[in-house]
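Following: one structure in structure tokens, then a few remarks.
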Amino acid sequence: MTSGEGRDSGRELRRIVRINEEIKTVVKTAYRINLMAMNAIFLAKRAGQSALGFGVLSNELRRFATELEQQMIALGQATSGSVVTVTAMVKEAHVVRMLERARAECDGRGRDALDALLRRHRETTLTDRRDQVAALNRNLAMMIESTARLVEMGGVLARSAKIEAAYGGGFSQSLKQVSSDFEGTIGEIRKSLDSLGKFRLREFAA
Amino acid sequence: MKTMRVIYEDGGHKWHAIVRDPNRPHYLIDTNEYLVVAGDDAILVDPGGSEVFPAVFSALSTQFDPRKIGKLFASHQDPDIISSLSMWIEFNPDIKCYLSWLWSSFVPHFGGTKETFIDIPDKGMDIVVGGQRLQAIPAHYLHSSGNFHLYDPKAKILFSGDVGAALLPAGEDGMFVENFDRHIRHAEAFHRRWMGSERAKRDWCSRVSQLDIDMLCPQHGAIYRGADVKRFIDWFAHLDVGVIHG
Ligand SMILES: [Fe+2]
Ligand SMILES: [Fe+2]
């Protein structure tokens with residue numbers, strides 16, 4: 001382990017912060033979709049018979065937004081959980097850095113004892129940490145994948161709403177506007193998810 | 001690396017002082033650590049901050065097998081005293097740390113578990129190292145509210161923590177006090193500012209005046225020997241403390 005690892009561990013903490021910020025953005029957007037869908041439901045009610053299909057889709061979009069929000073909260077909890085692991089790694093990195101420095105400075109018995117200690121540390125603690133980070137990443141990837149599927153479904157709902165808008169008679173124009181707003185917003189979420197998918201925690205204490 | 005020097009030796013009973021680190025960054029206060037060895041047992045007295053761990057550990061290993069250190073003594077909670085704790089525990093998970101009960105839930109923020117700490121009650125206690133009985137002497141409020149010095153009645157050495165500390169300029173930083181009057185100028189501001197209680201100071205002075213002391217070993221600065229020990233105690237007794245001057 002070298003002194004670079006302290007900075008690496010700091011980078012992991014900043015990475016977690018960025019994930020959390022992205023999650024917050026998606027949660028805000030989900031809330032916006034929820035409001036938009038509620039408005040769309042009222043609009044469809046006013047449009048009456050001709051916008052029945054649009055109304056059903058708006059209801060589905062609302063449900064989608066709620067579910068998205070819940071998934072994002074779960075994702076947020078998982079990321080905060082990883083702060084615990086990364087913090088432990090930061091602390092360990094500090095201890096090991098000091099032991100390494102002591103090892104470099106001494107010879108004889110002290111050096112032998114530290115050699116043995118650092119070897120043991122590499123074999124046990126570091127392997128454990130690597131497994132933990134791998135598990136965290138797997139979990140994160142799985143959650144993001146399942147959210148991506150949900151967002152795909154949201155995209156389908158928004159496109160269908162656009163088609164249904166065409167049958168909206170006198171309300172057609174405003175329904176079309178609402179449905180393209182839906183599409184645009186879901187596009188934003190997709191972008192956030194794409195960048196979330198790129199985040200991976202790295203084990204740095206090797 | 002720091003220097004480790006034997007300051008007392010009688011058979012297997014030894015006091016080592018670990019002092020002066022030429023590579024220490026200037027923003028860290030210089031500290032003295034002491035290793036008391038008795039037979040196969042050893043206690044490291046005020047082990048130091050985490051930043052100086054490498055210098056302390058390597059100096060110590062030149063003359064002593066660090067695996068034999070089973071005990072730490074922390075006079076109080078300060079970072080320059082005991083923030084290296086997590087490294088010592090990593091090195092020896094069974095190590096015990098003697099510390100005022102007052103700090104027992106604070107210092108674990110530096111490392112260790114309930115099992116690591118042995119609480120020293122306010123009135124002090126005996127700490128047996130090898131065959132030697134050392135005494136934790138109360139020095140509360142000087143400067144820490146839960147604070148102990150360590151007295152070795154056989155070696156006649158009193159480890160006095162921050163009491164007796166001096167911030168020595170380069171060139172005047174010998175291991176022992178050679179000229180008391182010149183030396184004490186570097187101790188005055190420190191004691192005025194850091195020692196918080198006049199009453200605690202008087203208590204301490206009368207307590208340690210009754211001890212037979214050949215060497216008074218502070219955590220910063222130089223060691224007082226012989227007549228300088230009494231000179232220091234008298235000087236301290238008359239010093240105005242616990243007030244900020246101008
Ligand atoms: Fe202190
Ligand atoms: Fe100190």
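All of the numbers you see were taken from the coordinates with simple rules; none came from a lab. Please read these numbers as outputs of a predicted model, since none were measured by experiment. For neighbour counting, all protein chains shown are included, and Cβ atoms are generated from backbone atoms with ideal geometry for every residue, glycine included.
Structural remarks
- Over chain A, Cα pairs under 8 Å with separation of 6+ residues give a relative contact order of 35 percent.
- Listed by chain and number, the aspartates and glutamates placed with their C-alpha closer than 14 angstrom to that of B:Lys230 are B:Asp181, B:Asp212, B:Asp214; residues fewer than eight positions away on the same chain are left out.
- For chain B, modelled as a GNM whose springs connect Cα atoms under 10 angstrom apart, the maximal fluctuation among B:Phe64, B:Phe148, B:Phe117 occurs at B:Phe64.
- Estimated Rh, chain B: Kirkwood, alpha-carbon pairs, angstrom: 17.9
- Between the stretch B:27-92 and the stretch B:96-155, the Cα center-to-center distance that results, in Å: 14
- Ranked list, fewest to most other Cβ atoms within 10 Å of each Cβ, for B:Cys217, B:Cys97, B:Cys205: B:Cys205, B:Cys97, B:Cys217
- Between B:Asp65 and A:Thr66, the C-beta separation translates, for a Förster distance of 56 Å, into a calculated FRET efficiency of about 0.30.
- Test item: Cα-centred dipole of the stretch A:3-197, Lys/Arg +1 and Asp/Glu -1 on Cβ, debye: 260
- Among B:Met87, A:Ala30, B:Gly174 the positive-end extreme of the charge dipole of the protein assembly as shown (Cβ point charges): A:Ala30
- Computed extension length for B:Ala170-B:Ala189: 5.1 nm, one decimal, from 0.36 nm per residue of separation with the Cα-Cα distance subtracted.
- Put simply, the C-alpha atoms of the stretch B:1-50 give a gyration tensor, and the ellipsoid matching it has half-axes of 24, 11, 7 Å, longest first.
- Chain B: most fluctuating residue of B:Ala42, B:Ala200, B:Ala74 per GNM, C-alpha cutoff 10 Å: B:Ala200
- Only lysines eight or more places from B:Lys114 in sequence, or on another chain, were considered; those with a Cα closer than 25 Å are A:Lys91, B:Lys68, B:Lys71, B:Lys96, B:Lys123.
- Straightening the chain between B:Leu239 and B:Val128 buys 36.6 nm, computed as 0.36 nm per residue apart minus the Cα-Cα spacing.
- Amide N proximity, the stretch A:107-146 versus B:Asn92 label position 7 Å along Cα-to-Cβ, cut-off under 20 Å: A:107-121
- Using the Cβ-Cβ distance between A:Asp128 and A:Ser80 with R0 set to 22 Å, the FRET efficiency works out to roughly 0.60.
- On the basis of the beta-carbon distance and an R0 of 22 Å, A:Arg149 and A:Met38 show a calculated FRET efficiency of 0.35.
- Estimated purely from DSSP H runs of n ≥ 4, each contributing -39500 (n - 2.57), the mean residue ellipticity at 222 nm for chain B is -7500 deg cm²/dmol once divided by its residues.
- Spacing of the two label points (7 Å from each Cα toward its C-beta) at B:Asp214 and A:Arg119, in nm: 4.3
- Radius of gyration, Dmax [the protein assembly as shown; alpha carbons; angstrom]: 32.7, 107
- Listed by chain and number, the lysines whose C-alpha is less than 27 Å from the C-alpha of A:Lys24, apart from same-chain residues fewer than 8 away, are A:Lys191, A:Lys198.
- P(r) tail, the stretch B:44-159: Cα-Cα pairs separated by more than 19 Å, 43% of all pairs.
- Remark: the protein assembly as shown carries a charge dipole of roughly 1700 debye about the Cα centre, counting +1 on each Lys and Arg Cβ and -1 on each Asp and Glu Cβ.
- Overall, the ratio between the Cα radius of gyration of the stretch A:3-197 and 2.2 N^0.38 Å, rounded to two decimals, is 1.55.
- For chain A, calculated [θ]222 nm from helices alone, where every DSSP H run of n ≥ 4 adds -39500 (n - 2.57): -32000 deg cm²/dmol
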